[in-house]
Amino acid sequence: MLALAASGWACASAATAPSAGPAGRPARILVVYYSRHGNTEKMAQGVAEGARRVAGAEVVVKKVNEATKEDLAAADGILLGCPTFFANIPGAMKTAMDDWNWKWKVDFTDKVGGAFSTGGGQTGGKEHVVTSLLLFMLSNRMVVAGPLYSDAEGKDVWGEPGSSAMTGPLDPGVSPAELDGARRVGERVARLTKKMKGS
């Protein structure tokens, strides 16, 4: 790929040392997030932890203002996360996403995507933000997936659109259960990315 992408993925490879699959290189997973108070950043780290559970996955985590065109082009799977501002995607995140398409002309075709969000209230729009991030991906020809969960016996398995955390005064911070949701979406996207690559 381009020089900047090669450098970024090389650093990730040295840090995580994944085993490459038959396709000749690891599945490249990029986690991009916007965080104002650190809660979404914590979720992003959980997403990355989950993705690293998958053998053959190489994970890079970047703030939205640090992600480059080369990062996006080199990735096989992309997970996006941000807080919820007035039931919507924050302007900084939305502007960056628009630029990826209109200015940078990134080809997202058949990359695998997933989404996560944080928000202050019990509802407040967190699921709307997850859906909006997924709709951006679908509009850019990506394949999307959410986390899975099951009952105690493992007999029934369900899927979710993404993961989220309530971080306002009623329930501050990111709970262990919410962090588990972040890990699950990261793992699901990494596993599907690896499968689609044939790794």
Count - residues of region 60-86 that are within 28 Å of G120 (Cβ to Cβ), touching a Gly at 6+ places or on another chain (Cβ under 8 Å) and crowded, with 20+ Cβ neighbours inside 10 Å: 5
Just name the residue that is nearest to T84 (Cα to Cα) out of those in region 148-170 that are surrounded by fewer than 10 Cβ atoms within 10 Å (Cβ to Cβ) and among the aliphatic types (A, V, I, L, M). L170
Criterion: under 18 Å from I78 (Cα atoms), at pLDDT below 95 and in contact with a Gly (Cβ under 6 Å, 6 or more places away or on another chain) - qualifying residue of S199, S163: S199
Could you list all residues from region 102-153 that are at pLDDT below 95 and either within 17 Å of V32 (Cα to Cα) or aromatic (F, W, Y) (or both)? Y149
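The values are calculated or read from the model by the stated rules, or taken from the named source; none is laboratory data. Model, not experiment: these values are computed from the prediction. So basically every Cβ, Gly included, is an ideal-geometry build from the backbone, and we count neighbours across all protein chains shown.
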